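Scroll down for the structure; my scribbles are underneath it.
The values are calculated or read from the model by the stated rules, or taken from the named source; none is laboratory data. Keep in mind it's a predicted model, so treat the numbers as computed, not measured. As a convention, Cβ positions derive from the backbone with ideal geometry for all residues, glycine included, and neighbour counts pool all protein chains shown.
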Amino acid sequence: MAGKPGMVLALKSVVTATDAAALTAGHDRVYAALDRLIDAGRRDGLIRADASSEDLADGLSGVTLANSRPGTQERANRVIVLLVDGLRHNAGPRR
């Protein structure tokens, strides 16, 4: 989608308007996969204990939206690095 500004938002609006059940089913599958990923990372001591699948999904959504404008690939890559670093076990909750 990097070369197609606005495509992510356009596709989301079409899917939402035409097939809400499919969107819900897809959402559930993605969150289940993210739950498994977060749980495995916690179990291995790689991901902080307070991270959730919702945190990861929100971060990835933000990266997708940031990457929907032309010339933002570098910015999106930086946000991904910040997101992954923030999930690391030693990052700990903000005090």
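A few comments on the model shown:
- Ala40 vs. criteria surrounded by 11 or more Cβ atoms within 10 Å (Cβ to Cβ), within 22 Å of Leu82 (Cβ to Cβ) and modelled with pLDDT under 90: no
For (1) surrounded by 11 or more Cβ atoms within 10 Å (Cβ to Cβ); (2) at pLDDT 75 or above; (3) among the small types (Gly, Ala, Ser), each residue gets a yes or a no:
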residue: Lys4; (1), (2), (3): yes, no, no
residue: Val15; (1), (2), (3): yes, no, no
residue: Ala33; (1), (2), (3): yes, yes, yes
residue: Asp50; (1), (2), (3): yes, yes, no
residue: Ser61; (1), (2), (3): yes, yes, yes
